[in-house]
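See below for the structure under consideration.
The values are calculated or read from the model by the stated rules, or taken from the named source; none is laboratory data. This is a predicted model, so every value here is computed, not measured. Virtual Cβ from ideal backbone geometry, glycine too; neighbours counted across all protein chains shown.
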């Protein structure tokens with residue numbers, strides 16, 4: 001299974017590819033390929049020896065697969081349980097149509113922010129995280145929802161854990177959805 005990882009969230013130094021597609025194009029082969037990419041991605045963050053566990057999928061847009069088990073249209077997310085840097089967490093990957101399928105590494109953890117909101121928030125948060133941690137390179141290593149009323153049209157709060165230079169620091173991230181078609185605003189603070 002050949003998968004290209006795009007780095008929408010600018011979290012790895014370069015795109016990774018698995019190489020030649022294996023003859024096995026089953027969903028299990030896709031799971032193994034995604035798990036291998038997530039393990040390689042965690043190693044690039046300085047967590048060698050990362051081990052991927054269960055991989056589950058959730059369709060986020062109607063998915064139609066082609067003869068090679070490649071998405072022809074639609075998208076799905078893969079959720080990978082990963083043990084890296086002595087922590088077990090969930091790594092998330094968005095898989096979109098293409099030959100080969102394109103996979104975008106999303107933020108780890110349980111954030112409910114969509115991929116574009118994740119990227120925008122991360123790009124705004126990184127400079128502050130760098131200043132707070134006193135480290136030029138910081139990564140978001142986990143996310144969790146701390147307040148959510150069950151409706152994505154209402155404000156919600158998450159905790160994003162940043163890591164840099166061997167130190168970690170949680171940040172509270174508040175999301176405030178606007179009127180339909182206007183997007184979601186956010187603010188954050190170190191906690």
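Under 7 Å by Cβ, and 6 or more places apart or on different chains, what pairs join a residue from the range 114-137 that is over 11 Å from residue 162 (Cβ atoms) with one that is outside any loop (DSSP other than H, G, I, E, B)?
Between residues of the range 114-137 that are over 11 Å from residue 162 (Cβ atoms) and residues that are outside any loop (DSSP other than H, G, I, E, B), the close pairs are 115/94; 115/104; 117/184; 121/173; 121/186; 136/130.
In this structure, does residue 141 turn out to be within 23 Å of residue 78 (Cβ to Cβ), surrounded by fewer than 17 Cβ atoms within 10 Å (Cβ to Cβ) and touching a strand residue (DSSP E or B) at 6+ places or on another chain (Cβ under 8 Å)?
Spelling it out, it is not the case that residue 141 is within 23 Å of residue 78 (Cβ to Cβ), surrounded by fewer than 17 Cβ atoms within 10 Å (Cβ to Cβ) and touching a strand residue (DSSP E or B) at 6+ places or on another chain (Cβ under 8 Å).
Out of the residues in the range 102-138 that are under 12 Å from the mean Cα position of the chain (by Cα) and assigned to a strand (DSSP E or B), which is surrounded by the fewest Cβ atoms within 10 Å (Cβ to Cβ)?
Only one residue fits best here, namely 104.
Would you please name the residue that is modelled with the highest pLDDT, looking only at residues in the range 73-99 that are in a loop (DSSP other than H, G, I, E, B) and out of contact with any strand residue (DSSP E or B) (no Cβ under 6 Å at 6 or more places or on another chain)?
Residues of the range 73-99 in a loop (DSSP other than H, G, I, E, B): 85-86, 97-99.
Next cut, out of contact with any strand residue (DSSP E or B) (no Cβ under 6 Å at 6 or more places or on another chain) only: 85-86, 98-99.
Details: 85: 69, 86: 72, 98: 62, 99: 59.
Residue satisfying both the conditions and the ranking: 86.
Pull out all pairs, ordered by first then second residue, where Cβ-Cβ is under 6 Å, the residues are six or more apart or on different chains, the first lies in the range 176-191 and is in the same structural domain as residue 162 (by TED's automatic domain parsing) and more than 26 Å from residue 130 (Cα to Cα), and the second is modelled with pLDDT under 95 and assigned to a loop (DSSP other than H, G, I, E, B).
Every condition considered, the pairs that remain are 177/153.
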